1. Can you tell me which residue is modelled with the lowest pLDDT among those in region 24-39 that are open to solvent by less than 90 Å² (accessible area, probe 1.4 Å) and part of a loop (DSSP other than H, G, I, E, B)?
2. Return the pair list, or none, for Cβ contacts closer than 8 Å from residues in region 40-57 that are farther than 8 Å from I125 by Cβ and at pLDDT below 90 to residues that are open to solvent by less than 60 Å² (accessible area, probe 1.4 Å) and not in a strand (DSSP E or B), at least 6 apart or on different chains.
3. Residues in region 40-72 that are in a strand (DSSP E or B), farther than 23 Å from Y110 by Cα and open to solvent by less than 60 Å² (accessible area, probe 1.4 Å): how many?
4. Is there a residue in region 73-88 that is of a type in the set (S, T, N, Q), in contact with a strand residue (DSSP E or B) (Cβ under 9 Å, 6 or more places away or on another chain), closer than 21 Å to E31 by Cα and surrounded by 10 or more Cβ atoms within 10 Å (Cβ to Cβ)?
5. Taking the conditions exactly as written (over 30 Å from L63 (Cα atoms) and either surrounded by 11 or more Cβ atoms within 10 Å (Cβ to Cβ) or aliphatic (A, V, I, L, M) (or both)), does V139 satisfy them or not?
Amino acid sequence: MKIILSSIFCLFSVLLFSQNENKAITGFSKEEKADSIKVENKSIGYSNTGLAKIKGKTFDRQLRSVESVEISLTNLSSKITSFYETNDDGLFDINIERGVYSILFSKRSYGKFKIEKIDLSDCQIQEINLNLGSRINIVEYITVPAQEFSLPSKKKTKKK
């Protein structure tokens, strides 16, 4: 009896499971952001040191501080890049040599913002306040193929 049940189970399981085709489920994801990044960039004076200074704050759409924003300063003439990070209050205060710089602000969940070219002179204090806006949401779309089926044909036969 066990042999008969086992063979029936094996036979029907092969028939049942062979009908299902594994169709690949495809999809894609897209980044969406409710608003854009806004920057306030202005020279606010001069210091008594020989270095230029870049200072400012990073915050989000609700004006809350955004901590640990990565800041990359690249001297465009020497091609030397220095890396900094904002503190827990979103503040940064960087002393650098005078020159022409490109500045990249980036935070994984907010995106990137780049100032292509900024010319800093001796003792200049440049204030850059960056509103990173809302966080980036990753929206995933799944594409499921439609099931294939066919309808029976209703052909009329001609009478002879």
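1. Step one: of region 24-39, the residues open to solvent by less than 90 Å² (accessible area, probe 1.4 Å) are 24, 26-27, 29, 32-37, 39.
Now narrow it down to the ones that are part of a loop (DSSP other than H, G, I, E, B): 24, 33-37.
Numbers: A24: 58, K33: 75, A34: 78, D35: 81, S36: 85, I37: 88.
Applying the filter and picking the extreme gives A24.
2. N48/C123; T49/C123; G50/C123
3. 3
4. Checking region 73-88: not a single residue is of a type in the set (S, T, N, Q), in contact with a strand residue (DSSP E or B) (Cβ under 9 Å, 6 or more places away or on another chain), closer than 21 Å to E31 by Cα and surrounded by 10 or more Cβ atoms within 10 Å (Cβ to Cβ).
5. Numbers: over 30 Å from L63 (Cα atoms): no; either surrounded by 11 or more Cβ atoms within 10 Å (Cβ to Cβ) or aliphatic (A, V, I, L, M) (or both): yes.
It is false that V139 is over 30 Å from L63 (Cα atoms) and either surrounded by 11 or more Cβ atoms within 10 Å (Cβ to Cβ) or aliphatic (A, V, I, L, M) (or both).
Yes/no per residue for (1) touching a residue at least 24 places away in the same chain (Cβ under 8 Å); (2) out of contact with any Leu (no Cβ under 9 Å at 6 or more places or on another chain):
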{"site": "D88", "(1), (2)": "no, yes"}
{"site": "F92", "(1), (2)": "yes, yes"}
{"site": "R98", "(1), (2)": "yes, no"}
{"site": "Y110", "(1), (2)": "yes, no"}
{"site": "C123", "(1), (2)": "yes, no"}
{"site": "E127", "(1), (2)": "yes, yes"}
{"site": "I142", "(1), (2)": "yes, yes"}
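The values are calculated or read from the model by the stated rules, or taken from the named source; none is laboratory data. It should be emphasised that the depicted structure is a prediction, and the values quoted were computed from it without experimental measurement. Because the Cβ atoms are built from the backbone with ideal geometry, glycine has one as well, and the counts that use them run over all protein chains shown. The protein model used for the area step is the full one, side chains on, heavy atoms only, and it has no ligands, DNA or RNA in it. Shrake-Rupley method; radii C 1.70, N 1.55, O 1.52, S 1.80 Å.
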